[in-house]
Amino acid sequence: MAWASWDTILGSGKVTNTYGKNNSRYASGSHTGVDLVLNNQSKTVQSYTSGTVEQVVTGQNGSKKGYGNYVVVKDDKNNYILYGHLDSVNPNIQKGSRVSVGNPLGIMGSTGNSTGPHLHLEVRQGINKQSASVNPAMYFMNAKNSSDDTVSWADSAATVGPTGEEIVNWFQTDGALLLLRIMLVLVGLFLLLATIKSSLLG
Ligand SMILES: [Zn+2]
């Protein structure tokens, strides 16, 4: 079995944010993964698939950008599974390492663009790029026990809490752009009024 079961995922964490939520605060415009807050005491992030380690990014503990420290595992069907915002990466996990379901990849954290400790789990199909992300739920659904058909990803998802939201740099947001536009309009109005006033007085 290449993927951990749905029950395993749910047993290991609570979903705090689902895939695909549209929000201009995300760099891509929507949430490209699923956020989980793990409930195991050691906060160990375990691999949910077997595969080969494709990418390891460390040294991001001071960074508030992107995924922070993260690991990408490639499974045997060309799916890339990204584990983001790690506090630390297991030193045994290096590019090219083979992993099985349950192998420790690192410790849950809040590095990168994150507001609280959580695991950002992202699945990319065919190519290791954010634009290739798909809903991870479809993989877990395939892996889960058929007697659990009534359980859906949405049912188990809690409302979005203080952990799990990646927020892009304020200046990248639509809000900042809007503010800039309003300021430009105000400056324009001021200049117009000043011109009218001076022509009246003159
Ligand atoms: Zn996330």
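Points to keep in mind about this one:
Conditions tested, residue by residue: (1) within 16 Å of the ligand (Cβ to nearest atom); (2) assigned to a loop (DSSP other than H, G, I, E, B); (3) at pLDDT below 85.
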residue: Gly112; (1), (2), (3): yes, yes, no
residue: Thr115; (1), (2), (3): yes, yes, no
residue: Leu121; (1), (2), (3): yes, no, no
residue: Arg124; (1), (2), (3): yes, no, no
residue: Tyr139; (1), (2), (3): no, no, yes
residue: Asp155; (1), (2), (3): no, no, yes
residue: Val160; (1), (2), (3): yes, yes, yes
residue: Glu165; (1), (2), (3): yes, yes, yes
residue: Val168; (1), (2), (3): yes, yes, yes
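- Residue in region 66-87 that is among the acidic types (Asp, Glu) and modelled with pLDDT under 85 present: no
- Checked against the criteria, Val45 counts as touching a residue at least 40 places away in the same chain (Cβ under 8 Å) and outside any loop (DSSP other than H, G, I, E, B).
Yes/no matrix, rows are residues, columns are (1) β-branched (Val, Ile, Thr); (2) assigned by TED's automatic domain parsing to the domain that holds Met108; (3) not in a strand (DSSP E or B):
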residue: Gln41; (1), (2), (3): no, yes, yes
residue: Thr52; (1), (2), (3): yes, yes, no
residue: Val56; (1), (2), (3): yes, yes, no
residue: Gln60; (1), (2), (3): no, yes, yes
residue: Tyr67; (1), (2), (3): no, yes, yes
residue: Tyr80; (1), (2), (3): no, yes, no
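- Taken over region 82-93, the criterion of being within 20 Å of Gly112 (Cα to Cα) and in a loop (DSSP other than H, G, I, E, B) is satisfied by Asp87, Asn90, Pro91, Ile93.
- Restricting Ser24, Ser28 to residues that are in contact with a Gly (Cβ under 9 Å, 6 or more places away or on another chain), farther than 12 Å from Leu105 by Cα and modelled with pLDDT under 90 narrows the list to Ser24.
The values are calculated or read from the model by the stated rules, or taken from the named source; none is laboratory data. Keep in mind that what you see is a predicted model, and the values were worked out from it rather than measured. Quick reminder, even Gly has a Cβ in these numbers, built from the backbone with ideal geometry, and neighbours come from all protein chains shown.
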